[in-house]
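Values in this text are rule-based calculations from the coordinates and carry no lab data. All values reported here derive from a predicted model rather than from experimental measurement. Cβ placement follows ideal geometry from the backbone for every residue including glycine, while neighbour counts extend to all protein chains displayed.
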Amino acid sequence: MSTTPEATKTSPTKTSPTKTRRGYSLNKDDYRARLRRIEGQVRGLQRMIDADEYCIDVLTQIAAVSKALQNVGLGLLDEHLRHCVLEAAQSSRAEGDAKVHEAVQAVDRLLRV
């Protein structure tokens, strides 16, 4: 089992003495804030259900939460393409192809309903 930094970059579960920088690292605080807002929206949905709010109002809020999560996902995908995929493609054709394949699978998961 390799403990080189390259091995660590390809698998988020492996650890190494040096921490791998992810594509979203520079915007981590923004992502945390957005996810906290979404968490608050979900808690609001729970309160709406507890208060027996009108179904359409609850569904509207569910759509808003879903859209917010999609936007976070798209932002992460954008940064993954611009950082991780680009870096892999510059390293070697095989690594680039593997990262593109991985990204296509991620897009597929994001688009499934």
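Points worth noting:
- Taking every residue in the range 59-83 that is in contact (Cβ under 8 Å) with a residue 24 or more places away in the chain and pairing it with any residue that is hydrophobic (A, V, I, L, M, F, W, C) and surrounded by fewer than 12 Cβ atoms within 10 Å (Cβ to Cβ), at least 6 positions away or on another chain, yields no pair with a Cβ-Cβ distance below 8 Å.
- Count of the range 62-92 residues which are more than 20 Å from Leu110 (Cα to Cα) and assigned to a helix (DSSP H, G or I): 6
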